Amino acid sequence: MEVSIVYWIGFFAFIVVMLLLDLGVFHKGNEAPTIKSSLLWSAFWIVLAFCFAGWIWSYAGASYSLDFITAYLLEKSLSIDNLFIFILVFGFFKIDVKYQHRLLFWGVFGALVMRVIFIFAGVALLDKFKWLMIIFGIFLIYTGINMLFEKDGGTKSLNDSPIIKVIRKVIPIKEDATEPHFLTRVDGKLMATQFLVALLFIEASDLLFAVDSIPAVLSVSQNTFIVVTSNIFAIMGLRSLYFALNGVLPLFRYIKYALSVILAFIGVKMVLNESAHYFGWHFQISNVVSLLVIVVLITIAIVASIIVDKAEQRKKM
């Protein structure tokens, strides 16, 4: 699928306009988004993504449209981990809910820039070194298995984070979150606020997640336009999804296990498909299978979490 520079410019212009409207019009003041507005915005970005998939179908055909939908759902499901990081960081730094949307805005903006750079670099590397698909696949298998057995970290670990240690060496940190600014002056001395530290944590976590998710999405398609647009659509709806699900996200206790299996499955797919290409095997795990696996695993994880939670609630009664 080849698209002209006009489509690239048009797409990024639309994203910039939406970001400006989001911060400058729809969320101009420091107000906590309501669950209703968050659900509407989440639905808006999901519908928009599938409308975009419809445009790709009419422009380039059904196979590219399926690639976009699979990549979008894969990135959307993997980004659920980011939502738990948001809860952890905001709770640890005691960021008031009315300031969280503005903080996430800058977090998402930074994530968009990093993702685009990662994607172009990844596509360029795979174009020259196809065997990297096998390396990426092995890495995802390892990541998935590691995620499956790792223990959940507590908030105490954030205090010992290298991010805070580096910031403290560069600039002192003001230990309260009463002012919604990234930098402030106390007695004429420039200090970083909890907002800046929280933002850096969010950006760092997305950078780590991108190391996993970008290779996974590249297993679906190596078309730069498909991968970039699917990633951006998934990330753009992340803030609204967080505010819509903030209260119930901790109840989805089995999501992590579903995500770990998805990563491992995508890794196996990358290794097998690339090996089949090298050895001439008549074997291929299609994107249709990937799409089904993602949807089924996430659904099972959510349903199982709800059933177990209700069972525990009944025991307490």
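The values are calculated or read from the model by the stated rules, or taken from the named source; none is laboratory data. None of these values were measured; they are calculated from a predicted model. Neighbour counts are summed over all protein chains in view; Cβ atoms, including those assigned to glycine, are modelled from backbone coordinates with ideal geometry. Only protein heavy atoms, including side chains, enter the accessible area calculation; ligands, DNA and RNA are left aside. Shrake-Rupley method; radii C 1.70, N 1.55, O 1.52, S 1.80 Å.
Any of LYS98/LYS189; LYS76/LYS128; LYS130/LYS165 with alpha carbons more than 30 Å apart? Name them for me. Among LYS98/LYS189; LYS76/LYS128; LYS130/LYS165, the Cα-Cα distance tops 30 Å for LYS130/LYS165.
How high is the relative contact order of the chain, in percent, with contacts defined as C-alpha pairs under 8 Å that are six or more residues apart?
The normalised contact order for the chain reaches 31 percent.
The radius of gyration of the Cα set in region 192-317, together with its Dmax, comes out at 18.3, 61 angstrom. Evaluated with a Cβ-only charge set (Lys, Arg +1; Asp, Glu -1), region 27-131 carries a dipole of roughly 200 debye about its Cα centre, given to the nearest 20. For the chain, the solvent-accessible area of protein heavy atoms averages 51 Å² per residue (probe radius 1.4 Å; ligands and nucleic acids excluded). How many percent of the alpha carbon pairs in region 237-298 exceed a separation of 15 Å? Every Cα pair in region 237-298 considered, those over 15 Å come to 64 percent.
Between the Cα long axis of helix 255-279 and the first principal axis of the chain there is an angle of about 30°, rounded to the nearest 10.
Note on the chain: with neighbouring protein chains present and a 1.4 Å probe, carbon and sulfur make up 70 percent of its accessible heavy-atom surface. Take the Cα of HIS277, step 7 Å toward its Cβ, do the same at ASN146, and the gap between the two points is 2.5 nm. Axis angle, to the nearest 10 degrees, between helix 5-21 and the longest C-alpha principal axis of the chain: 30 degrees.
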